[in-house]
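Everything on this sheet refers to the single structure shown next.
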Amino acid sequence: MFKVEKQNKIFGRRKGKKLSNLQQKNLDKYLNDFSIFPNDNQNKAKLKKINPYNLFHDLKIMDIRLEIGFGMGDFLFDKALSCPNVGFIGCEIFENGVASLLNKIIKYKISNLRVHFGNCLDLIYNLNFSTLNEIYVLFPDPWPKNKHKKRRFFNENNTLYLCSLLKKNGTINIATDIDEYAAQILGIMEKKKNFDLINSNLFQSKIANTWNFNTKYEKKAIDSGRKTNYLIFKKKYE
Ligand SMILES: C[S@@+](CC[C@H](N)C(=O)[O-])C[C@H]1O[C@@H](n2cnc3c(N)ncnc32)[C@H](O)[C@@H]1O
């Protein structure tokens, strides 16, 4: 059913400014405890098939939500804090973002959040199908130059995978301030007969403040006067 084109190359920035001592200490000491794929004895994330319910086994959580490319982790952290009965999983390749989220997880003793510090494709290819209630992809890297567009997260294959991870009635929530990328995503999703576009403000006809996710890139878009396309797709049946 799936054509697995593992384009596992990572294109985004992996590191930014030097981590603080606390961030480095937390990464070294605690990342493994909150990792979706714990490290092997060579200290590398060991990929394997994951049933996300097992990540929150002790909490008996049945509602699990995923964020891809969580950036500095603000959205994911706020959600995990305000919804303790929901399990959140997120992935990010940017070390400073992972370190920043980890600091908050530890400071606020968050137990319903797990992370994958690495390529989101390694995560989505390894999650069990029909297990997630919500997926968020907020401001995916736009790669605006024509020669780089194939680096975009949303393509037929990745989208097919993403859709298969959702349960019936689950939603994919997407934000992008690049109209042309929004149109590309819409084109891909329109072919999926088991999904409905349940809400959108496509091409900036209107901004609904209630949809704001308060992420760093959303704030950047607002500050520079760019409007954001918000698209929500709901899975009607498996
Ligand atoms: C434009 S930023 C948006 C960050 C955040 N969602 C926000 O709205 O502020 C895109 C994020 O996706 C992450 N990213 C890019 N490629 C990725 C990959 N293959 N796996 C995981 N994260 C990735 C980047 O490191 C970056 O933090």
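Just so it is clear, none of the values below were taken in a lab; they were calculated from the coordinates. Since the model is a prediction, treat every value here as computed from it, not as a measurement. With ideal geometry, Cβ positions are generated from the backbone for all residues, glycine too; neighbour counts draw on all protein chains shown.
Tabulated data
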| item | result |
| --- | --- |
| Condition check for Phe75: among the aromatic types (Phe, Trp, Tyr), within 14 Å of the ligand (Cβ to nearest atom) and closer than 29 Å to Gln23 by Cα | yes |
| In the stretch 219-238, the residues that are free of Cβ contacts under 8 Å to residues at least 40 places away in the same chain, charged (D, E, K, R) and over 18 Å from Val137 (Cα atoms) | Asp223 |
| Residue in the stretch 54-70 that is over 12 Å from Arg114 (Cα atoms), more than 7 Å from the ligand (Cβ to nearest atom) and touching a Ser or Thr at 6+ places or on another chain (Cβ under 7 Å) present | yes |
| Residue ID - surrounded by the most Cβ atoms within 10 Å (Cβ to Cβ), chosen from residues in the stretch 97-151 that are touching a Leu at 6+ places or on another chain (Cβ under 9 Å), free of Cβ contacts under 8 Å to residues at least 40 places away in the same chain and over 22 Å from Glu238 (Cα atoms) | Leu101 |
| Residue in the stretch 82-93 that is in contact with a Leu (Cβ under 6 Å, 6 or more places away or on another chain), within 28 Å of Ser164 (Cβ to Cβ), of a type in the set (Val, Ile, Thr) and within 13 Å of the ligand (Cβ to nearest atom) present | yes |
| Filtered residue count, the stretch 30-51, keeping only those that are touching a helix residue (DSSP H, G or I) at 6+ places or on another chain (Cβ under 9 Å) and either closer than 23 Å to Glu218 by Cβ or not hydroxyl-bearing (Ser, Thr, Tyr) (or both) | 10 |
| Single residue of the stretch 131-161 satisfying the filter (part of a strand (DSSP E or B) and away from the ligand (no atom under 14 Å from the Cβ)) that is farthest from His57 (Cα to Cα) | Glu134 |
